[in-house]
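Heads up, the thing below is written out as structure tokens.
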């Protein structure tokens, strides 16, 4: 089934939150380090993983080390060179079509302070029933992270409700979309910082970025190795292809704090988006 407006809405929200937190909030840390062998995820491909996820692929984030390629035996290679197929920044992985000496594989990258995930889970399951790995603050044995490992700090976004309100003749509607961001921080300072940053996005515009705008391949990787969100945003805003953020509400005080991991500080951030769109062609 082809991508629908609702799919593009959620992917646009992920990209928007990523850019706001990483660029405006300087929510990242630059690292350099090695990749480690991981169980193969795809037939005929060899997978190597960083001990971090997620890493930044947005080249418009000021000061961030963008993992546009990797170093193999001291030489910098990009997608399509020396058997490197793709880099998956979301999971911190590099895919090769042949086995390599993993001790010679490394890179420079920027790790997000808050990972951003799309979810359809209920809030109770995210808060009470899911195991997370809090970013360690002490030295541990280093290894690559498995793709299904969930690390915090993190933000889980989900679509709660939506409705098309009549706006004009000819099938023009005002699409109202309610999106909830479930924030799991590792300190009260970071919780307040990210919630304040997201609250202040009210009355801004979010560019509607479709799947084909990024040039993704079948592995969920950007073909070029990175993208430039600021350029995409400016193009979409100039074309009036964007959402308007009508309202942002923050909730922090819950009566279940004694039931969750005491190392996690939660909050709900509820966005109400609006987009004028035409449902059908004449």
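The values are calculated or read from the model by the stated rules, or taken from the named source; none is laboratory data. Values in this document were obtained by computation on a predicted structure and should not be read as measured data. As a convention, Cβ positions derive from the backbone with ideal geometry for all residues, glycine included, and neighbour counts pool all protein chains shown.
Side notes on the structure shown:
- Residue in the range 94-103 that is surrounded by 15 or more Cβ atoms within 10 Å (Cβ to Cβ), under 17 Å from the mean Cα position of the chain (by Cα) and either modelled with pLDDT of 90 or more or not in a loop (DSSP other than H, G, I, E, B) (or both) present: no
- Residue 165 being in contact with a strand residue (DSSP E or B) (Cβ under 7 Å, 6 or more places away or on another chain), in a strand (DSSP E or B) and modelled with pLDDT of 95 or more: no
- Only strands (runs of 3 or more DSSP E) whose full extent lies in the range 2-54 are considered here, and the ones with at least 1 residues that are under 25 Å from residue 201 (Cβ atoms) and in contact with a strand residue (DSSP E or B) (Cβ under 9 Å, 6 or more places away or on another chain) are 28-34.
- Flag for residue 107 being assigned to a loop (DSSP other than H, G, I, E, B), more than 18 Å from the chain's Cα centre (by Cα) and either crowded, with 16+ Cβ neighbours inside 10 Å or modelled with pLDDT under 95 (or both): no
- Out of 271, 254, one residue alone is at pLDDT 95 or above and either surrounded by 15 or more Cβ atoms within 10 Å (Cβ to Cβ) or farther than 25 Å from residue 110 by Cα (or both). It is 271.
- Check on residue 76, over 21 Å from residue 155 (Cβ atoms) and modelled with pLDDT of 95 or more: yes
- Qualifying residue in the range 81-91 (condition: exposed (fewer than 15 other Cβ atoms within 10 Å of the Cβ), modelled with pLDDT under 90 and part of a loop (DSSP other than H, G, I, E, B)): no
- For the range 220-236, the candidate set comprises residues that are modelled with pLDDT under 90, part of a loop (DSSP other than H, G, I, E, B) and within 16 Å of the chain's Cα centre (by Cα); within that set, the residue that is surrounded by the fewest Cβ atoms within 10 Å (Cβ to Cβ) is 220.
- The residues of the range 178-213 that are part of a helix (DSSP H, G or I) and surrounded by 19 or more Cβ atoms within 10 Å (Cβ to Cβ), listed by number, are 191, 194, 195, 198.
- Subset of the range 62-80 [assigned to a loop (DSSP other than H, G, I, E, B) and surrounded by 13 or more Cβ atoms within 10 Å (Cβ to Cβ)]: 64, 65, 66, 67, 68, 69, 78, 79
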